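Trainee: Have a look at this one before I ask anything.
The values are calculated or read from the model by the stated rules, or taken from the named source; none is laboratory data. Just so it is clear, the model here is predicted, and its values are computed rather than measured. Because the Cβ atoms are built from the backbone with ideal geometry, glycine has one as well, and the counts that use them run over all protein chains shown. These area figures cover heavy atoms from the full protein model, side chains too; ligands, DNA and RNA do not enter into them. Shrake-Rupley method; radii C 1.70, N 1.55, O 1.52, S 1.80 Å.
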Amino acid sequence: MQANLLIAIGLDGSGELKRALVFFNQAVDIALEIGMQHERFAERNGGGNSVIEESWRRTWWECVVLDGMVAGVHQASSVRLDGVGERVGLPCEEVNYISGVSS
């Protein structure tokens, strides 16, 4: 899923919006299928490692941000994730993430 997001960003930056949307939609489908939109997903799937938990949260919010960008900036789709996963914790400060003290 993270690879799909990165590919989508790269394709979008190269002006290949149609191909970018394919990868982005696949990423969102996977995120929803595995339950990333649920408040405790990161905790349940982080193996007790705060950095991995934070990585899950950041990946979810990257999906949300890109969803808004695609819909708003490119006007290429509707916002799929509007109101979905709002209780997922916001990413922590970068210094905390790097040091492993995220929560």
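Trainee: Among (1) modelled with pLDDT of 95 or more; (2) among the aliphatic types (A, V, I, L, M); (3) surrounded by fewer than 17 Cβ atoms within 10 Å (Cβ to Cβ), which single condition is I7 missing?
Mentor: Failed condition: (3).
Trainee: In the stretch 64-82, how many are at pLDDT below 80, in contact with a helix residue (DSSP H, G or I) (Cβ under 8 Å, 6 or more places away or on another chain) and open to solvent by less than 80 Å² (accessible area, probe 1.4 Å)?
Mentor: Of the residues in that region, 5 qualify.
Trainee: Restricting to the stretch 2-21, what's the tally of residues that are touching a residue at least 12 places away in the same chain (Cβ under 8 Å) and either more than 22 Å from R58 (Cβ to Cβ) or not in a helix (DSSP H, G or I) (or both)?
Mentor: Number of matching residues: 1.
Trainee: Search the stretch 63-76 for residues that are of a type in the set (G, A, S) and pair each with any residue that is assigned to a helix (DSSP H, G or I) when their beta-carbon atoms are under 8 Å apart and the residues are at least 6 apart or on different chains.
Mentor: Filtered contacts from the stretch 63-76: A76/L17; A76/L21; A76/V70.
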